[in-house]
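Input: a single structure, listed below in structure tokens.
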Amino acid sequence: MSTEPSSVTVPARFGVWLVGARGSVATTAIAGCAAVAAGLQPPTGMVTETPPFTSSGLPSLSSLVFGGHDTLDCPLPKRAEHLAAGGVLPHGLPSAVHAELAAADREIKPGGPLRGDTTRSAEEWIETFAADIRDFVRRQGLAGTVVVNVASTEPAPTDGTLPPSSLYAAAALRAGCPYVNFTPSTGLHHPALASLAESSGLPYAGRDGKTGQTLLRSVLGPMFAQRALTVRAWSGTNLLGGGDGAALADPAAAAAKNAGKERVLADTLGTAPQGDVHIDDVPALGDWKTAWDHIAFDGFLGARMVLQTTWQGCDSALAAPLVLDLARLLLRARAVGLTGPRPELGFYFKDPDGDASSALGEQYAALMDFAARLRDGA
């Protein structure tokens, strides 16, 4: 009998720490990752599972370990059952991936602060959150961890204080983790965090995931510009329910959300057309959204024309594969030594970092170049 030590190599594992870990997007991402890794579902919507990325050295889906912060206490398995009942998750999937959901739920720590909570200073919140993340990394023996904010939209701060999203962002960097802001909330964009972000030596990306109406705008805007058609007005309406609908019923939160939508049009058309986006909370819709756009434009000899679009979809199902993409991309970026804002990931955001183009075709080309950089070790 051999007494030689075992030479079996244990595959590296990587953490994905989700802010808003019991929300619809996070639950769908965790359940979806488990389902795809087990071969129960195809990786529909995951750009990182397409050929350009197969040799980019991204962490496998089976290597991802989930945890996070949340102020809610509904366990992930129960949350997944609710989503299945609403048609967001396939029937029977919560049972099939119950173990993975339960394991992730055990790694969720209390979030905060809730509105009006003055029991701790900003520094105390940041250190508490950072300690939670460091403990997760240590106990799980992780080779790297990324923090992704998928919490509900918060209003932009008006008094200079750090809002919750910025506390979580600061904690991510303090814990040595890349950071993704998938929401329109302030996060690392707070002026008080500029020096921290610059000196962290970590990659980060944001903000506000591009899943539906703005995705369509980033395709149609360049089309009008390239065909020399003058857009006179572009108006939109969103009907949605769930946690996002409730959060966006706050006019200040809705204003933060709409800023990215408006930037796309201004960037791709070269000017901001008339018209606004209205967001209506319809609780009965749950996680489903309907978005209408009405585009008034001029053709040859001033002929007046109109294009109307309707986008109906489930935001959680649209967002979850992008969250998994971004987590894998930032983990790989960290591994090859990339730092700072990653405008190459503008493909995923309404409000991308730096001077990245808002035109989807140009963003996709930049993403493909990024895939090559990751493959070649940057």
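Brief remarks on what is shown
- Residue that is at pLDDT 95 or above and either within 30 Å of residue 191 (Cα to Cα) or in contact with an Asp or Glu (Cβ under 7 Å, 6 or more places away or on another chain) (or both), where the choices are 92, 144, 116: 144
- Hits in segment 265-281 - residues which are open to solvent by 30 Å² or more (accessible area, probe 1.4 Å) and over 23 Å from residue 241 (Cβ atoms): 266, 267, 269, 270, 271, 272, 274, 275
- Which listed residue is more than 17 Å from the chain's Cα centre (by Cα) and buried (at least 24 other Cβ atoms within 10 Å of the Cβ), from 171, 194, 175, 156: 171
- Yes/no for residue 235 being touching a residue at least 24 places away in the same chain (Cβ under 8 Å) and open to solvent by less than 20 Å² (accessible area, probe 1.4 Å): no
- Looking only at residues of segment 221-232 that are among the small types (Gly, Ala, Ser) and on the phi < 0 side of the Ramachandran plot, we find that the one that is most open to solvent (accessible area, probe 1.4 Å) is 225.
- Pairs with Cβ under 6 Å, 6+ apart, first in segment 240-253 and in a helix (DSSP H, G or I), second open to solvent by 30 Å² or more (accessible area, probe 1.4 Å) and among the polar types (S, T, N, Q): 243/152; 247/152
- Any hit, segment 11-34, residues being open to solvent by less than 30 Å² (accessible area, probe 1.4 Å), in contact with a helix residue (DSSP H, G or I) (Cβ under 7 Å, 6 or more places away or on another chain) and more than 18 Å from residue 150 (Cα to Cα): yes
- Any chance residue 138 is closer than 19 Å to residue 360 by Cβ, modelled with pLDDT of 95 or more and among the charged types (D, E, K, R): no
- Counting residues in segment 13-20 that are in a loop (DSSP other than H, G, I, E, B) and at negative phi gives one or more.
- One residue stands out in segment 104-123 among those that are open to solvent by 40 Å² or more (accessible area, probe 1.4 Å) and among the aliphatic types (A, V, I, L, M): the one that is farthest from residue 21 (Cα to Cα), namely 122.
- Positions within segment 38-59 being hydroxyl-bearing (Ser, Thr, Tyr) and either touching a Gly at 6+ places or on another chain (Cβ under 6 Å) or in contact (Cβ under 8 Å) with a residue 40 or more places away in the chain (or both), in sequence order: 44, 48, 55, 56
- For segment 299-342, taking the residues that are without any contact (Cβ under 8 Å) to a residue 40 or more places away in the chain and part of a helix (DSSP H, G or I), the one that is least open to solvent (accessible area, probe 1.4 Å) is identified as 302.
- Members of segment 282-298 that are open to solvent by less than 60 Å² (accessible area, probe 1.4 Å) and assigned to a strand (DSSP E or B): 289, 290, 291, 293, 295, 296, 297, 298
- Segment 49-71 - residue that is modelled with pLDDT of 95 or more and assigned to a loop (DSSP other than H, G, I, E, B) and, of those, most open to solvent (accessible area, probe 1.4 Å): 71
- Residue count for segment 126-149, restricted to those that are open to solvent by less than 20 Å² (accessible area, probe 1.4 Å) and in a helix (DSSP H, G or I): 5
The values are calculated or read from the model by the stated rules, or taken from the named source; none is laboratory data. Note that the structure is predicted; figures quoted are calculated from it, not measured. Counting neighbours? That spans all protein chains shown, and the Cβs are built from the backbone with ideal geometry, glycine included. These accessible areas exclude ligands, DNA and RNA; they are computed on the full protein's heavy atoms, side chains included. Shrake-Rupley method; radii C 1.70, N 1.55, O 1.52, S 1.80 Å.
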